[in-house]
Amino acid sequence: MAGIFYGWIGVYYGELAQMVDTWAYYYEAVKETEIIRSDPGIFFSTIFSNSYEHGYSGFLSAENSWWNDLKANFLIKIVAIFNLLSFSHYYTNIIFYSFLTLFGPIAIYRVMDHVFPTKKLAVLISTFLLPSFLYWTSGVHKEGLLFVAFALITYHLYFAFKEDQLRLYRIIWILISLLLILILRNFLIIPLVPAIIAWIIASKTKIKPAISFAIIYVAFVIVFFTARYINPNLDFPAAVVDRQSAFMALKGDSDVEVEALKPSFENFVKNAPQAFIISVVRPFPADVRHLLSFAAALEINLLLLLFVIFLFWRKNGVGFTPFILFSIFLSFSVLIMIGYSVNNLGAVVRYRSIVLPFLIIPMMAKINWHKLKNILLGNI
């Protein structure tokens, strides 16, 4: 139902709400479906076609590179295969897409249910009914598949640590998930890798988890800003600056004024508050332009209120375990990267949706809802 609503919004609010991509993928996929029927070899081989002079370089480029084109080409190929089963009906494709992408929330639910076994209802609601997460991962776009990749990595690592054994099938699923992230939004590998490394070290050594994460992330920041001196192709700050420049050049209705980044440590520190506000706090009520921006502003303010409730009425219990720290560090790394590189609030809301469950589910599970209910009823 959420996927159908997503497609409907794409028809009636497409240009206004920056929702044209899902239908653009579909129309391109209809053409590709005809190629499958006539020449399957060309259909599969063209995904590797490359007309750029620099070949397959430009791994983190925001435009004019094979890697940047790959995400759309891959999704179009997937939808083209769906078309064979749906007779090229967009809304029927949602059934197949939802079947695949539902594995993500199920995997995260199983992990969170294991972490918070007495909070099933809170975990269930915050896993499957978080509005922006439900909306953006249900539509035929990249977010649903990206979350599946994040969730499967989390699921297999979590239970591998619990079993104290990393089985072969878990390694295969982790590698497939990493490949999917590389295809669909390769820059997310940058915040994901240190989070995984820190989680492994915190789980397998006697070092306190918080110290393990602090050491790894300090090392990561150093590598992020100095790798270019070892290899010019590893200029990560410049890649973020280029991505921000590409977004600023798009000129959307929900663009916000931001200070242009420079590829230096000092400038990244200076712009950190701006990045945090854009990715974590906005859209403000004043940013509302249409139905989706109103929904996004309402949701983020309710989530901030939920955080305040969490601060005052939380239960003791599960503390900063390696998994909880992984969830926090991964989420905020992704959010800060979004804040640095994206100045369009519509894109910000869509991009951040895939990490919200990692923050909201533990928060919902840790709130003392019984005490809060008694306080509210007492006040009434």
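Miscellaneous remarks
- Entry remark, region 34-86: residues being over 26 Å from Phe236 (Cβ atoms) and either touching a Ser or Thr at 6+ places or on another chain (Cβ under 6 Å) or modelled with pLDDT under 80 (or both) number 4 in total.
- Subset tally (residues that are under 24 Å from the mean Cα position of the chain (by Cα) and surrounded by fewer than 19 Cβ atoms within 10 Å (Cβ to Cβ)) for region 225-241: 5
A quick yes/no check of all residues on (1) closer than 22 Å to Arg352 by Cα; (2) not basic (Lys, Arg):
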site: Phe159; (1), (2): no, yes
site: Asp164; (1), (2): no, yes
site: Arg170; (1), (2): no, no
site: Ser177; (1), (2): yes, yes
site: Thr205; (1), (2): no, yes
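- Breaking point among (1) modelled with pLDDT of 95 or more; (2) surrounded by fewer than 21 Cβ atoms within 10 Å (Cβ to Cβ), for Ala149: (2)
- Here Leu304, Leu298 are screened, and the one residue that is exposed (fewer than 13 other Cβ atoms within 10 Å of the Cβ) and modelled with pLDDT of 90 or more is Leu304.
- Top-ranked residue of region 74-108 - restricted to ones that are hydroxyl-bearing (Ser, Thr, Tyr) and surrounded by fewer than 16 Cβ atoms within 10 Å (Cβ to Cβ), ranked as nearest to His141 (Cα to Cα): Tyr91
- Members of region 111-146 found to be surrounded by fewer than 22 Cβ atoms within 10 Å (Cβ to Cβ) and among the polar types (S, T, N, Q), listed by number: Thr118, Ser132
- Counting only residues that are at pLDDT below 90 and surrounded by 14 or more Cβ atoms within 10 Å (Cβ to Cβ), region 311-334 holds 4 of them.
- Pairs meeting the criteria (first residue in region 283-294 and closer than 18 Å to Leu134 by Cα, second residue at pLDDT 80 or above and assigned to a loop (DSSP other than H, G, I, E, B), beta carbons under 6 Å, at least 6 apart or on different chains) are Ser293/Pro283; Phe294/Val288.
- When residues of region 204-221 are limited to those that are among the hydrophobic types (A, V, I, L, M, F, W, C), over 24 Å from the mean Cα position of the chain (by Cα) and outside any loop (DSSP other than H, G, I, E, B), the one nearest to Ser61 (Cα to Cα): Ile215
- Residue pairs whose Cβ atoms lie under 6 Å apart, sitting 6 or more positions apart in sequence or on different chains, and linking a residue in region 103-115 that is in a helix (DSSP H, G or I) to a partner that is surrounded by fewer than 17 Cβ atoms within 10 Å (Cβ to Cβ), are Pro105/Phe128.
The values are calculated or read from the model by the stated rules, or taken from the named source; none is laboratory data. Everything numeric here is computed off the predicted structure, so don't read it as measured data. Neighbour counts run over all protein chains shown; Cβ positions are idealised from the backbone, glycine included.
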